[in-house]
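Working notes for the structure below.
The values are calculated or read from the model by the stated rules, or taken from the named source; none is laboratory data. Quick caveat, the model's predicted, so the values are computed rather than measured. Neighbour counts are summed over all protein chains in view; Cβ atoms, including those assigned to glycine, are modelled from backbone coordinates with ideal geometry. Keep in mind that these areas ignore ligands, DNA and RNA; they rest on the heavy atoms of the full protein, side chains included. Shrake-Rupley method; radii C 1.70, N 1.55, O 1.52, S 1.80 Å.
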Amino acid sequence: MRKFLTSALLFLLLLNSGSTFAKDSEYRFIVKHGDSLSGYFSKLGLSNRLLANLLSASPQNKQLNQLNIGESVIIRLHSNRRFKSLSYRSHKKGTLEALLIGTRFVSSSNKDEKTSSPLLVTKIVINSSFGYDAQKAGLGLSVVNTVVEALSWHLNFDTDLHKGDRFFIVTNGKKKPIGIIYKGKNKSVEAFSHTNERGKTSYYNRRGYTLNASFLRAPLKYKRISSKFQLNRYHPILKTYRPHRAVDYAADRGTPVVSTADGVVKLKGWKGALGKAIIIKHGVNYTTVYAHLSKYARNLRQGGSVKKGQIIGYVGSTGRSTGAHLHYELRFKGKRKDPLSYKLPKQQKVASSKLWGFRTQVNAILASL
């Protein structure tokens, strides 16, 4: 009886405030003179702490402090009366959505829903090569290059593609695709565009992480650095001064060597003075070289993918070498860089305040396929 009275009282409070009770615990409020979000929260039995966390979760949430007469607020609750989400439709600022995931709020805003363009999906079936088949399907060279650059961290366009594999390129009127999905016989790769707070647009997986992984600073546990990156080093074997555009790590023979980032093996074999070597391509811009190895990891194959931290070989002294060490090179667009000081790319994540909006876009893209 007490529960019935409590429910009835809550219903009357909502009715008197001008709100309507909807199914699935959805409460709709039309803002009147003197209304506030704290008042709505109080009527629904939601705490002031929850409201404070909502308002501080994102700068855009602060607009909820000043509701305008005639605008609408929708609050959704789980079946156990716990907060689920909030929608606020402002006359001037568009729609604000806030969702509670665990103990964290994620928010997104849409300033003008009417101006969003419909999604256009271009399907490419591999028959010859991606470049040829994509341009045959009507994609311009700039889009082709964007797709290759976005997916190259996880897809080898030379060896991974097979006849019948499919690409789905999703656009919405902008120059670059907002969604790139590859579905092959052996793997699938997805990339979705997102522009961060600094205005930089990159591609992310559906969980909100950029496709490139961060680099390890060193590829092994070493004793010391026996030779640094320098333009004029005395070569102990050739007895002459010459550039050394790499870092030599002294280590015991047989010490495991790992890939410093996700990538694709471009070379596994003998390479002249470097002896047994491995060359790994990371995306379209970065390459790493591991040389003077004693042997390779059993599961390593040329053309195969590797993960950051995966063992690829073992320290040795093959080729032109005076002792056990690893010769390690870092190249950016073909030019050797100092591995000890060069600023390497780091994996980024969509900001928590933008994650819900990002995932909404991802779901729309996947639903369009």
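For ILE124, state whether it is in a strand (DSSP E or B), within 24 Å of VAL306 (Cα to Cα) and either at pLDDT 95 or above or within 22 Å of the chain's Cα centre (by Cα) (or both). Criteria not met by ILE124. The residues of region 298-320 that are in contact with a Gly (Cβ under 7 Å, 6 or more places away or on another chain), open to solvent by 20 Å² or more (accessible area, probe 1.4 Å) and either of a type in the set (Asp, Glu) or part of a strand (DSSP E or B) (or both) amount to a single one, TYR314. The number of residues in region 346-369 that are part of a helix (DSSP H, G or I), open to solvent by less than 80 Å² (accessible area, probe 1.4 Å) and either within 13 Å of PHE192 (Cα to Cα) or modelled with pLDDT of 90 or more (or both) comes to 9.
Can you list the strands (runs of 3 or more DSSP E) found entirely within region 247-292 that contain at least 1 residues being more than 32 Å from the chain's Cα centre (by Cα)?
Working: elements: 247-250, 256-258, 263-270, 276-282.
Counting at least 1 such residues, we get 247-250, 263-270, 276-282.
Given (1) more than 19 Å from the chain's Cα centre (by Cα); (2) open to solvent by less than 30 Å² (accessible area, probe 1.4 Å); (3) at pLDDT below 95, where does SER152 come up short, assuming only one miss? So the condition that SER152 fails would be (1).
Among (1) surrounded by 11 or more Cβ atoms within 10 Å (Cβ to Cβ); (2) among the small types (Gly, Ala, Ser); (3) at pLDDT below 85, which single condition is ALA8 missing? Only one criterion in (1) surrounded by 11 or more Cβ atoms within 10 Å (Cβ to Cβ); (2) among the small types (Gly, Ala, Ser); (3) at pLDDT below 85 is unmet by ALA8, namely (1). Among the residues of region 321-336, those that are touching a strand residue (DSSP E or B) at 6+ places or on another chain (Cβ under 7 Å) and open to solvent by less than 60 Å² (accessible area, probe 1.4 Å) comprise SER321, ALA324, HIS325, LEU326, HIS327, TYR328, GLU329, LEU330, ARG331, PHE332.
Every condition in (1) open to solvent by 20 Å² or more (accessible area, probe 1.4 Å); (2) part of a loop (DSSP other than H, G, I, E, B); (3) at pLDDT 95 or above is met by LYS295 except one, and the failing one is (2).
Among residues belonging to region 88-111 that are part of a loop (DSSP other than H, G, I, E, B) and out of contact with any strand residue (DSSP E or B) (no Cβ under 6 Å at 6 or more places or on another chain), point out the one that is modelled with the highest pLDDT. Per the stated criteria, the residue is THR103. Give the residues of region 193-228 that are out of contact with any Ser or Thr (no Cβ under 8 Å at 6 or more places or on another chain), surrounded by 14 or more Cβ atoms within 10 Å (Cβ to Cβ) and either in a strand (DSSP E or B) or touching a residue at least 60 places away in the same chain (Cβ under 8 Å) (or both), sorted by residue number. ARG206, GLY208, LEU211, ASN212, ALA213, SER214, ILE225, SER226, SER227, LYS228 - these are the residues of region 193-228 that are out of contact with any Ser or Thr (no Cβ under 8 Å at 6 or more places or on another chain), surrounded by 14 or more Cβ atoms within 10 Å (Cβ to Cβ) and either in a strand (DSSP E or B) or touching a residue at least 60 places away in the same chain (Cβ under 8 Å) (or both). Counting only residues that are among the hydrophobic types (A, V, I, L, M, F, W, C) and either out of contact with any Ser or Thr (no Cβ under 8 Å at 6 or more places or on another chain) or open to solvent by 80 Å² or more (accessible area, probe 1.4 Å) (or both), region 43-74 holds 8 of them.
Kindly indicate whether any position in region 251-266 is surrounded by 21 or more Cβ atoms within 10 Å (Cβ to Cβ) and touching a helix residue (DSSP H, G or I) at 6+ places or on another chain (Cβ under 8 Å). No, region 251-266 contains no residue that is surrounded by 21 or more Cβ atoms within 10 Å (Cβ to Cβ) and touching a helix residue (DSSP H, G or I) at 6+ places or on another chain (Cβ under 8 Å).
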